[in-house]
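Below: the structure, in structure tokens.
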Amino acid sequence: MKLLFIGDIVGRPGRNAVKELLPELHEQHALDFVIANGENSAGGSGITPKTAGEIFSAGVDVITSGDHLWDQKEVMELLANEKRFLRPLNYPAGTLGQGSGVFEVQSPKSKAQGPISVAVLNAQGRTFMPPLENPFLLAVEEVKRLREQTKIIFVDFHAEATSEKIAFARFLDGQVSAVVGTHTHVQTADEQIFPGGTAYLSDAGFTGPHESVLGREIEPVIQRFLTGMPQRFEVAKERVILHGAVIEINEASGKALTIQRIAKAATE
Ligand SMILES: [Fe+2]
Ligand SMILES: [Fe+2]
């Protein structure tokens, strides 16, 4: 089976790019399942039921998140009611929402008969990030639990430091199908498959305006670095690109066969 992961969707330009490009990507790659990080989908900060609804309607099956989770108060409704929306697993016990889920792919394009179960797990790093529980310890337990239901497991590891991302993925090698990083908004060129069969990419990049600083207008960010004074960081507009990765997975073993980086320009 083939799944597409889409890097952090930033604001309306990012949402529009998903709407425009997903049908073509489906066609091109014969996708069975689509996962997207939506932590910046509402005005660049956070996510609301409305922006999540737009992303789901565009053809995304599961939305993951990260440190911008709480930026919009309406997220509480998603955390309480939407099983297709994940937050990082390693929030303290009792936090609303869920860090993983198992989803049915009803009509896979592959040869496998009947529906396939795909697990998605979202975790957040702790290096140069707000303190959360240890993602290594929690993820290994969660993966053990998920593997009782399916061997096809995709992990979005939302983290800043490449060392933490690589160590996390190496730690899970052979236990999950893929670990793809998010959060830096800069797509890395280190896609590979580890010896145990886990596909890896340090960062998927972001989906939104690239004539920007990580999706925001350039000038206020420069001013912030020059003066240290707080600025309004509006979402930029130009050169919209969808960033992500397509991963092909052996359904029987759950091991990755290929990983391909995606960078597709929007026309609108
Ligand atoms: Fe982000
Ligand atoms: Fe983030």
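The values are calculated or read from the model by the stated rules, or taken from the named source; none is laboratory data. Being a predicted model, the structure only gives us computed values, none of them experimental. Cβ atoms come from the backbone with ideal geometry, glycine included; neighbour counts cover every protein chain shown. Just so you know, the surface numbers come from the protein's heavy atoms only, side chains and all, with ligands and any DNA or RNA stripped out. Shrake-Rupley method; radii C 1.70, N 1.55, O 1.52, S 1.80 Å.
What number goes with the only condition from (1) buried (at least 20 other Cβ atoms within 10 Å of the Cβ); (2) over 30 Å from K144 (Cβ atoms); (3) more than 17 Å from the chain's Cα centre (by Cα); (4) not hydrophobic (A, V, I, L, M, F, W, C) that G254 does not pass?
(2)
Name every residue in the stretch 60-81 that is in contact (Cβ under 8 Å) with a residue 24 or more places away in the chain and open to solvent by less than 30 Å² (accessible area, probe 1.4 Å), in order of residue number.
V60, V62, I63, T64, S65, G66, L69, V75, L78
How many residues, within the stretch 153-183, are within 15 Å of ligand 1 (Cβ to nearest atom), open to solvent by less than 10 Å² (accessible area, probe 1.4 Å) and not aliphatic (A, V, I, L, M)?
Of the residues in that region, 6 qualify.
Only residues that are over 12 Å from the mean Cα position of the chain (by Cα) and over 22 Å from H185 (Cβ atoms): list them for the stretch 57-77, please.
S57, G59, K73, E74, M76, E77
Only residues in the stretch 115-144 that are within 26 Å of D32 (Cα to Cα) count as the first member; pair them with residues that are of a type in the set (K, R), Cβ under 7 angstrom, at least 6 apart or cross-chain, and list the lot.
N122/R87
If you go through the stretch 38-70 one residue at a time, how many are over 21 Å from E160 (Cα atoms) and within 12 Å of ligand 2 (Cβ to nearest atom)?
0
How many residues does the stretch 185-218 contain that are open to solvent by less than 10 Å² (accessible area, probe 1.4 Å) and within 13 Å of ligand 1 (Cβ to nearest atom)?
Count: 7.
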